[in-house]
1. Could you check the range A:6-27 and list, in sequence order, the residues that are under 19 Å from the mean Cα position of the chain (by Cα), within 22 Å of residue A:233 (Cβ to Cβ) and either near ligand 1 (Cβ under 8 Å from one of its atoms) or open to solvent by less than 60 Å² (accessible area, probe 1.4 Å) (or both)?
2. Among what's in the range A:162-176 and is open to solvent by 10 Å² or more (accessible area, probe 1.4 Å) and not in a helix (DSSP H, G or I), pick the residue that is farthest from the other protein chains (Cβ to nearest Cβ).
3. Which residues, taken from the range B:12-56, are over 15 Å from residue B:150 (Cα atoms) and in contact with a Pro (Cβ under 6 Å, 6 or more places away or on another chain)?
4. Among the residues of the range B:58-115, how many are open to solvent by less than 30 Å² (accessible area, probe 1.4 Å), modelled with pLDDT of 90 or more and in a helix (DSSP H, G or I)?
5. Quick test of your reading of the structure: residue B:430 fulfils all but one of (1) touching an Asp or Glu at 6+ places or on another chain (Cβ under 9 Å); (2) more than 30 Å from residue B:50 (Cβ to Cβ); (3) among the hydrophobic types (A, V, I, L, M, F, W, C). Name the failing condition by number.
6. Conditions: (1) within 26 Å of residue A:76 (Cβ to Cβ); (2) surrounded by fewer than 17 Cβ atoms within 10 Å (Cβ to Cβ). Residue B:368 meets all but one. Number of the miss?
7. Among the numbered criteria (1) on the phi < 0 side of the Ramachandran plot; (2) open to solvent by less than 60 Å² (accessible area, probe 1.4 Å); (3) at the interface with chain B (Cβ under 9 Å from one of its Cβ atoms), which one does residue A:97 miss?
8. Within the range A:28-45, how many residues are within 14 Å of ligand 1 (Cβ to nearest atom) and either farther than 19 Å from residue A:246 by Cβ or surrounded by fewer than 21 Cβ atoms within 10 Å (Cβ to Cβ) (or both)?
Amino acid sequence: MSSEILLQVEGLCARAAGNEILRGLDLTVRAGEVHAVMGPNGSGKSTLANVLAGRPGVEVTAGKVLYRGRNLVEMAPEERAREGIFLAFQYPVEIPGVTNLYFLKAAANAVRKHRGLEELDAMDFLSLARRKMKLVEMDEKMMSRAINEGFSGGEKKRNEVLQMAILEPVLSILDETDSGLDIDALGIVSRGVNSLRSAERSMIVITHYQRLLDHIVPDRVHVLAGGRIVRSGGKELALELEEQGYAWIEGGAGAA
Amino acid sequence: MTRDAREHYVAGFGQFAEREAAGDPPWLHALRKQAIARFAETGFPTRDDEAWRYTNLGPIARTPFEIAAPASAVIGRADLERLSFPVFACSVFVFVNGRFAPSLSAPRALAGGIQIGNLAAALPSPLCPLEGHLGSLARPDEGALVALNTAFFTDGVMLHVPAGVEIETPIHVVYLSVPGERATISYPRTLVVAGRGSRATVVEDFVSLGGGVAFTNAVCEIALAEGSAVEHVSLQREHEDAAHLGAIRVRQARDSRYKAHGISLGGRLTRNDVLAILDGPGADCELNGFYVASDAQHVDNHTTIDHARPQGTSREFYKGVLDDRARGVFSGKVIVRPGAQKTSAQQTNKNLLLSADAEIDSKPQLEIFADDVRCSHGSSIGQLDEDALFYLRARGIDLATARSLLMRAFSAEITARIGIGALRERIDELLLARMLRTRAEAA
Ligand SMILES: Nc1ncnc2c1ncn2[C@@H]1O[C@H](COP(=O)(O)OP(=O)(O)OP(=O)(O)O)[C@@H](O)[C@H]1O
Ligand SMILES: [Mg+2]
């Protein structure tokens, strides 16, 4: 494939709270591609997602991260979001006192404004939100509730996908969006994600389970271990991992 | 002994009584004399006084404040509008430097024998409804600040709601301070008497026009007869040079409901001293408070709820945002008298500290002399939730907006309790604007 390179990560090292977590990670994502990132617990998958989204406290110590040719590390999280990066959080945050509707409208308009589009008024936003909620089969009542407050695990994940559907990002990073979903919800969420797939949009799908990849079929699968990509392959790699687990890393190819 | 300006006030009283207060009815004259005698005896409280441990009145005690000159002539409607007062269909009474300003006020005709007006006009009347009420809840012998106000107040608002009458729209009382060249003091005084089963909402709005060293020594008395309900907003947004020392004294008869919202946004030094006595069975008292302080502001909420009779319920919800070197004090005393069985008292104080130098002293105090009671209290100190900030920013919301959203969420828990929607919205706006002036914006 020779489409445009959207994200280029080279020799990325990052630490949080004094711990070296990423130790020389390379990853290239082209426009239109879906990459799955798998790997053992604690290997650094969420840290990679956080580096891309710009979480304060995760410090990039070496390497480079280019998004559409721009140095991502220098950009504020909100700027990244407006430029089309979206992180579906592994653990969405509960924010009491701010309604989901208010939040989503503020977010949508911040992004629209940046893209030179007209901001949506309350009515227009509501009809947009309604359409997107249908996509993820979310109850409208969730909109008047505080952000994620008291949402079930599955509801939180749907809310992430709803946000993604509304913001229409260019590069989506889904951090275990499938965890905690029942079979039906998995199908619904996957449909939401797939509806965004296009030749321009790319995705990094972090998951522990092959079953998500049945729905969202990846172009590439990577194994992250010890802060590095230790193996990459096509979609069949996920199946292999499902059978073998990660025991091979210590003994074989991927030992850090 | 520390030197204070006590003599300055005592010496000034003679002239004040002969001129400004010459028309006082005899009972008030006697009350004032009692008050100044009391003040002469005690002077300002010092930090040796347990109730003033965290708040230093020294600089105020040492300053000889002059009674603020009349200034209503220099104030126009445009000035008032610039201060963006809440707009609702209510009666507005404006006092400038402690004196009624009829040209700025907009009293509305109220039905049902409601007596409302300025104290100065009501006092000389032979049918003065104030005798026996004024000075009965805020007694000159209880402390220096109430004594000082009692000795020197010249005006303020009085409201008497007859039995069974319900006033739907709020009474908005604006106490406007216009500081002069010299350090000035004003003495606003509010009296609310709610008859049996009556209902009213009163907003006291303390605000400054321009800077300068000014001291507002305010007293508010509210008497609730059986089954009455009063909602009381006390909004303090004076200039950052101002000292605001306010006392609110409430007495509640059987089954009455008092609900207060004490909001402190301005002033260099603020002290809100609230005493509510639940003096009849089944009375309900709710004190809500919100404060925002930055730079070197000091804000002290000092509350006492006195459960004197059985089956009383009280709730206190105080929250605040402190930035820079600001200091907050919350002291909540709950007294349950012998025999006040089945009392339920709840108290919480939550603080958001935006800077490492900001400080809060939060001190609950329970004095319980009955056995069948339920009391609880809790306090917390925290920062803006970093994870929440990142979550909002990760959706494209800029940092300043993200912070303001979280602060608004923090304050909404308090303002949500304000009964009248239009009033709540207006206060929400004021709070948000004030919170945005903390470092949140700079960061
Ligand atoms: N802020 C932090 N402070 C200290 N340690 C951290 C921090 N963030 C991550 N770590 C540590 O870094 C390692 C990688 O964490 P990360 O969350 O990236 O793992 P992960 O691959 O997403 O794991 P999982 O599959 O369990 O979600 C873990 O050992 C974790 O404890
Ligand atoms: Mg993770």
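1. A:6, A:7, A:8, A:9, A:12, A:22, A:25, A:27
2. Filtering the range A:162-176 for residues that are open to solvent by 10 Å² or more (accessible area, probe 1.4 Å) and not in a helix (DSSP H, G or I), the one farthest from the other protein chains (Cβ to nearest Cβ) comes out as A:176.
3. Hits for the range B:12-56 are B:23, B:52.
4. 3
5. (1)
6. Every listed condition holds for residue B:368 apart from (1).
7. (1)
8. Final tally of qualifying residues: 3.
The values are calculated or read from the model by the stated rules, or taken from the named source; none is laboratory data. Keep in mind that this is a model prediction, so the values were computed, not measured. A quick note on method: Cβ atoms are made from the backbone with ideal geometry, for glycine too, and the neighbour counts reach across all protein chains shown. SASA here: full protein model, heavy atoms, side chains in, ligands and nucleic acids out. Shrake-Rupley method; radii C 1.70, N 1.55, O 1.52, S 1.80 Å.
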